[in-house]
Structures are given as structure tokens and as C-alpha cells.
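Every read-out reported here was derived from the displayed coordinates using simple, explicitly stated rules and does not represent laboratory data. Being a predicted model, the structure only gives us computed values, none of them experimental. Here the Cβ positions follow ideal geometry from the backbone for every residue, glycine too, while neighbour counts run over all protein chains shown.
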Amino acid sequence: MTLPIIERVFPGEPDDLLPAVTSDNEPYWTALARGELLTQSCTQCARLRFPVMPVCPYCGSTNTEWRALSGEGEVFSWVRYHRCFLQEFADLIPYVVITAQLDRGVRIIGRLLERDVIPVTGMPVTTILERWPGGRCVPVFSLSGAK
Amino acid sequence: MKVAAAITGVASTAFGPRKFADRTAISVASEVVAAALADAGLERSQLDGLIVHIGSPRGADYDVAASLLGLNVRFAAQPWSHGRFTATVIQHAAMALEVGLADYVLCLASYRNSSAGGRHGTKTRSTFHEYLRQGGGPHGETPHAGFTAPLAGTGMAARRYFDKYKISLEKLATLALTQRRYATLNPLAAMRKPLTADEYFNSRYIVEPLRIFDCSVEVDGAVAVIITTADRARDGRKPPVHLLGFQGINAGPNEFGMGQPGLGFNQAEVFDYVAPGGDQMMYRMAGLQPADIDMLQVYDAFSPMTLWAIERMGHCKTGEAADWIQNGRIDQNGELPLNTSGGMLSEGHLNGWPQIAEIVRQLRNEAGERQIPDAKTGQWGTGLGDALIFGRDGVQPGALA
């Protein structure tokens, strides 16, 4: 399940906007960079969880395996930024950030590529990966091509 | 279960953005500590406990606060420099008194948001590194999504809440307008110019669905509160303001400080949150019910947070607060006056300490033009469930039950 990757061009190097890669989350970030969106699945209670965490919040088990997500989902909630807080996003104002409810229950916060829409809860979205300078990818969402 | 602590002294500065930009937190603290001691009729040497809320770089950490203010204490503490611990600070002071760790605890909030290095949500803000923590920022920040600044977390949760309970966003205006009316009656408030409904509805969005008047005003200022045992407080210069009941801050996978349980922020579970009504620890301690509360001050960094706090404090059912606040209920002569000094939206955001001072002033009948007639009890609460109930002198735990 490889997701489409688009390049994101910034004026500078926005490394300080990305979380540190740790022993906990390294599989997540490494997979994103090769086009896969992974999350953890508890081998004891079978529930998915996100973001990466060492213990299942539902049953307490530390045994997990990584599962790839299709990236298909829907708008769960959204906001629109009218003020610029980060220079890296200045050229996008006003932009929309959604909470996407992905298949299998996982919710992820990410930018919506379409800026001129009024999102509605339940609207289908698909996940696209945006490659940042330095090679890491972050998930963003799009209404086009969503099922 | 009993609690036998009381506020015996209080003092504050006036509040304003950049008001003390050319001063230091210690310099401002020295004034309010002296004023609180005078208010209590105490000597500096009698303070033997200190809890500082909000340390450097905005404020002064407890160690330098004690040394530079000349305080010799045998109990000191300082929580994480986030606003959510206002009730926790007072609870810890009360517990320290109860077990004899101290006899007089100074709770000190003296800090300058003007020295935070920039707006919340910007990279120069001193706390920006917290947004990159494992698990995300303290307000749900996700910088690589362009999702920073605390109001975004509230906005994301509020959209779910308003959709779920089919609430018109326009109802939020009542909070900004009511609180501004209170602020015009408060000489210490940052925002004293009257606000009209037209100005509110024509104001710009910062992070939609929240407008600028849904956002608190970050201020510089200081508040000092001296807490002692109820017995000692009886010998004070002013009438004691008794702490009748309290409850702690909730944390866990389903708790999000900028929202309400059940709204599904990030991976918090989606469920129908049932507001707990009067069956809560603070009411049992105080021997009171929600209807016995004469005034409510809540953590209103952004206006939807007020709705969630009202519901969690048990004053109405989940999803009803936006209707509940209408038609004068939260006005000065209403059923439950709310954020009577203007709250964070208009008096200024100093993490709730001005509102604690307001409860003391109201229960001492010192609130001037905004005095709530015959106020016997006052409550502080947040959407995370932490809370304090105070009673004016003569109102003892269970007295109204």
C-alpha cells in the first residue's frame, strides 16, 4: 500500500517542525519516507492506536505489530488558519487542517491540500505524503480521488 | 472528609498586555507579596510555605523567588509552567497546611507573557519545543501539519461539539459580550472598552471557527494569595475566605485540556460524555450542590472552554451550556454570574489567578460595582474537572446543606 508522494518546497530547512525520531517512532517515520502509513496494532486486544506509544492504552500490553493503512478516510473535524503562526505555512494562508478519521479507526491531524473548500464532517479524504527537505514525509489529505 | 484551609490575604496588580515589559517578574512579585501580607496582617517572617505557578522565563522559579524576596520557607513547590494547575496549587497548599508542612503558604503567580519570546504557536515562543514532544503538544499542537497555537486545539474540538449538539456558533458571542461588560466594571482589567455584538460578529477569525474575541488576552501581572488554616485565618485582618471543597485535575487518554471528553481529539475515544452533575467530590466535601454556587469563575482561554467547564462543574447537562448561558443567567443579577471580573477574555489571561483573587474580593464584599449581591459561595473550575469551592466567612462546610 504505497501512497502518492508530493514534494514540499520551503524557503528554508524546516527540520525544527518535525518530531525527533526515537526508538519508539522510528518505524513510523521510516515507513512514511518510503510511502507507507503505518500504525501500531496491539497483538493482545487487536486494537489500533496512534500516535506511536509503547503501551496499548486499552489493555496495557506492550506487544505490538505494525500495520499499513490504506489512507482512505473522512473528515472528522476541521479548522481554518487565518493567521500565520509559522512562516513555513505563510504562503498557504488561509489553509485548512483536518482531523481525518482513517479506516480502521485511526485519527490523524494533517493539512488539507484543497484550500478553497468548506469541509463537511464525513466528507471522504485520501492520504497523500508530502516529502520535506531532508527526505522525511508527513501525511496530508486531499478530497480529490477520495472514495 | 473535611478541609480546613482559608485564604487570609490576597493582592494583585492591574493586568495588561506588555504592562510590565520593562520590569522583572521578581520586581512585580515584591509588590504583590508585600500587599498580600498587609492585607492579611502578617509579617514576612510568618510565611513558611511557597508555591510558585509559572516559572522562568516568564516568571521567577521558586528558588530565586524565595531568595530574592527574602522568604525562608520549609515547604516549596512549583508545577509545570502551564495554566491548568491553578486549583492544583491551592489544593497542595491546603494539604501542606493540613499535615503541618507549613502554617502560611504563599501562592505566587507573577509573570510576564510579554517575555515569552513571541505568540503561542510561533517558533520563538519559549515553549515551542513542547509541541515536538512524543505524543504532541500540550494543546494538541502538530507543527508539521501547520497546526500550532492552543486555540487550534479548542477549535478542532469545538467544531465536533457544535456539530454533535447542533449548536449555533453565534451563541458563543454571549460569553465575550457578558465578560466585557464585567470588565468595564473592573479597574484592574486589561480590556475595558465596551464591546458590541456588531463588533463581535464583524471581528476576524484567527483559527476558524474562533474569532479574535473568543480568545483570551495574554497579559503581564501578578497575584499573591496567602492560605492558612481556618483557625489561624480567624485572627486575620480581613474575614477568611474558606476553602470548602475541591477536586483534582483529570488526565488520561480521554482527557484533552482544550476540549471535552468524548469529542475524539486525536485518539481520545468518541462517546457521549455525561456531565457529572452534583455527584462530585468537591460538592460532597462542601456539603453543597451546584445550585448553591453563587458565582462561577472558569478557565476561559478560549470561549468554548467555558461551556465545557460549566458542564463539567455540573451546572447543566452535556451540550446544553451554549443555551444555558443565554438570557441573562450569567449576568451580575443572574442565576449564576460567570467570570465576574471579565475572565481571561477581558480581564486578562494570567492562568486563572486574577479569577481566584476575584472570588476572594466577591466573598469579602470588596468587588465594587461588579459586586454580586449577597454572594456566599464561589467556584473555580476547568474543563479538566479540577475545581475549588470557596465560602465567605460564616459559611462552613455543609452549612447550606
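General observations
- Coil-residue chymotrypsin sites (Phe, Trp or Tyr not before Pro) of segment B:22-106, DSSP, other Cβ within 10 Å capped at 13: B:Trp80
- Pairwise alpha-carbon distances in chain B exceed 33 Å for 26% of all pairs.
- Label-to-label distance for A:Ala33 and B:Ala34 is 5.9 nm, based on points extended 7 Å past Cα in the beta-carbon direction.
- Here B:Gln134 and B:Asp63 are evaluated by their C-beta separation; at R0 = 25 Å the FRET efficiency comes out at 0.30.
- Sites listed here are trypsin sites (Lys or Arg not before Pro) in segment B:33-92 whose DSSP assignment is loop and whose Cβ has at most 15 other Cβ atoms within 10 Å: B:Arg74.
- Calculated FRET value between B:Gln46 and B:Asn250, using beta carbons and R₀ = 25 Å, to 0.05: 0.10
- Label-point separation, B:Ser168 to A:Ala146 (7 Å along Cα→Cβ), nm: 2.8
- Beta bridge orientation in chain B: antiparallel %, DSSP, nearest 5: 75
- Exposed GluC sites (Glu not before Pro) absent: longest stretch of chain B, with sites in DSSP loops and at most 15 other Cβ within 10 Å deemed exposed: B:44-268
- The Rg/Rh ratio of chain A, with Rg taken over Cα atoms and Rh as the Kirkwood radius over Cα pairs, comes to 0.97.
- Taking amide H positions as modeled 1.01 Å from N, with prolines and chain starts lacking one, the residues under 5 Å from B:Gly277 and 5 or more places away or on another chain are B:Gly314.
- GNM on chain A, alpha-carbon springs under 10 angstrom: the most fluctuating residue among A:Ile98, A:Ile128, A:Ile118 is A:Ile118.
- 15 Å beta-carbon shell around B:Gln371, net charge (K/R +1, D/E -1): 0
- In a DSSP loop and with at most 14 other Cβ atoms within 10 Å, the chymotrypsin sites (Phe, Trp or Tyr not before Pro) in segment B:204-291 are B:Phe271.
- Estimated 222 nm signal from helices in the protein assembly as shown, with DSSP H stretches of n ≥ 4 weighted -39500 (n - 2.57), rounded to 500: -6000 deg cm²/dmol
- Sequentially through segment B:51-61, phi angles give Karplus couplings (6.51, -1.76, 1.60; θ = phi - 60°) of 10, 9, 10, 6, x, 5, x, 6, x, 10, 5 Hz, Gly and Pro residues having no value and appearing as x.
- Gaussian network model of chain B, Cα within-10 Å springs - most flexible of B:Ile206, B:Ile372, B:Ile356: B:Ile206
- Evaluated at q = 0.07, 0.11, 0.12 Å⁻¹: base-10 log I(q)/I(0), Debye formula over Cα of the protein assembly as shown: -0.41, -0.98, -1.13
- Within-14-Å neighbourhood charge of B:Ser67 [Cβ basis; K, R +1; D, E -1]: -1
- Most fluctuating residue given options A:Glu130, A:Glu36, A:Glu114, as computed from a GNM of chain A linking Cα atoms under 10 Å: A:Glu114
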